[in-house]
Amino acid sequence: MKKRNSSGKYIAGLILLIALCVFGAFITTKGITKKKIGRASNIELGLDLAGGVSITYEVDGKNVSDSDMKDTVYKLQKRVEGYSTEAEVYQEGKDRINIEIPGVTDANKILDELGKPGTLSFAVQKQVKVKKNGKTTTQTTLDTVLTGQNVKKAKAVTNQNQTTGKKEYLVALEFDAKGTKAFAKATKANIGKPIYIIYDNQVISAPNVQEAITKGECTIDGMESYEAAENLASSIRIGSLPVKLNELRSNVVSAKLGVNAIQTTVKAGVIGFVLVCLIMIAFYAVPGVIACVALAIYMLMMLLALNGFNATLTLPGLAGIILGIGMAVDANVIIYARIQEEIGAGKSTGAAIKSGFGKAASAIIDGNVTTLIAVLVLWFKGSGTVKGFAQTLGMSVLISMFTALVISRFLVYAAYHFGLRDKKWYGKPRTIKTRDFVRTGKKYVAVAGVIILIGLAALPMNRSKIGSILNYDLEFSGGTASTITFKDDQKVNDSLEKQVVKAYEKVSKST
């Protein structure tokens, strides 16, 4: 009776696992609903894969406040949204701002427009007569009454409504002397009518005038939340920000390069997967087959996780996924090696499986937890592609632990339960060998010391050749990098290099 119940448990588990895998595969290939949610092709690609423009600005000035930096980031975010809804603007350090706009090609236009200061204005409706084809018609236009330069302060505030008792979110404005006069004149003439607040030729708010405002201070009500009030206040402050942006570096990535990177990564991944499966099966037999199944489930879960968490996939992110694959394989190797050792020690197959998973679990968890600590540091302290790497690596670590300690465990026990109990199905038994590293410690210390001395000796040699002890990449040294994509395969030879040097005054060739 117990065996029948046990069989039912494993059969139900296998059916559920297969059903979930089929459903997950359907989601990643076809998607669900009309929006095709979950489909792998809908995964958001970063700049290095989708192509686009990357710019880093440095704010001019030593005493730039956090508020100024926040306003500048918000301003640039509003601007780049006109180019791409996937554009991202984020602060790096205390005085740098990074902008990434995927899917755009006109880099020069973007660089010119982003570097210009924003234009903010307050306008009212004005009726003008226009003659056209001999006929006179009346049209409504917007007449500017003052600009953002006339705004001294703009901040979000909260207020308790005395009638309803509800909390209200407002934007409090204060004008300079010139702005006070202009605003007083405009509000007197437009009571009951809207005053349009326009930023970069787009209306961002249109509050109605309730009374004439002559003291240079007013509030804008009707905000849905404090965040909405803060965003409007930030937009209004933009016109008078004393912040100048200096371009440090810019990079234009071709969409073709991104496609090539994805194709190369997928091809390498498929080849790597096949080789890993062959090696695992050769060394571990049935557990090796189970490891391949667990690895396929890992990849399926990663695709679903990338879609589910709306993660942006970048080249470093792909590296995080590949690293996660390595950790998943490593976890299975640790488990199955322990099982073989237990079999070699004379234990029965069932006891070896139980002991192998028990001994391997602590090592796997310890290794993955230390990786997760590094992931958290990269996530909270990093930015841009570093953060993307941390995100995908974190998901990879958690999923690889789940597939190794849960999926693989269940499948191994299921295989054992359904008759694969002979020790030959679990690979060649291993004997535990002990090596006395302490006795030969001096030898290893000597070898390590020689390697360290060679490295230290190479530092001054580098300095004499390239001017610094380390060969810094463009990200650290600054400069300009150009990537040229040819329609056909080309070999980097002297003739091609001369053509490139002729096109560019200075070129650095990397092969």
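We did not get these values from a lab; they are worked out from the coordinates using the rules stated. Please read these numbers as outputs of a predicted model, since none were measured by experiment. As a convention, Cβ positions derive from the backbone with ideal geometry for all residues, glycine included, and neighbour counts pool all protein chains shown.
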Next on the checklist: Could you tell me the center-to-center distance, by alpha carbons, between the range 154-181 and the range 376-402 in angstrom?
Outcome noted: 42 Å
Item to check | Cross-link table K443/K465; K30/K359; K35/K78; K75/K381; K131/K215, entries beyond 30 Å C-alpha to C-alpha | outcome: K443/K465; K30/K359; K131/K215
Item to check | At most 14 other Cβ within 10 Å, DSSP loop - GluC sites (Glu not before Pro), the range 41-83 | outcome: E81
Checklist outcome for this item: Ordered by number, the trypsin sites (Lys or Arg not before Pro) in the range 148-251 that occupy a DSSP loop and have at most 11 other Cβ atoms within 10 Å are K166, K215
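Tell me, what is the FRET efficiency for V22 and L398 to the nearest 0.05, using R0 = 22 angstrom and their Cβ-Cβ distance as r? Before the final figure, lay out the partial values.
Numbers: r = 23 Å, r/R0 = 1.04.
Calculated value: 0.45.
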Item to check | Per-residue Cβ neighbour rank within 10 angstrom, fewest leading, T147, T312 | outcome: T147, T312
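Please work out the FRET efficiency for the pair K9 and L420, using the Cβ-Cβ distance as r and a Förster radius of 22 Å; give the result to the nearest 0.05. Walk me through the numbers before you get to the answer.
Numbers: r = 17 Å, r/R0 = 0.78.
With R0 = 22 Å, the Cβ-Cβ based efficiency is 0.80.
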Item to check | Nonlocal amide H pairs with R249, under 5 Å, H built at 1.01 Å | outcome: T56
Checklist entry - Sorted from fewest to most neighbouring beta carbons within 10 Å, what does the list L300, L47, L17 look like? => result L17, L300, L47
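Report the extension gain between V274 and K131 in nm, rounded to one decimal, defined as 0.36 nm multiplied by the number of residues separating them, less their alpha carbon distance.
Values: separation 143, 0.36 × 143 = 51.48 nm, distance 7.55 nm.
Value of the extension gain: 43.9 nm.
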Next on the checklist: What distance in nm lies between label points placed 7 Å from Cα along the C-beta direction at E211 and K35?
Outcome noted: 4.5 nm
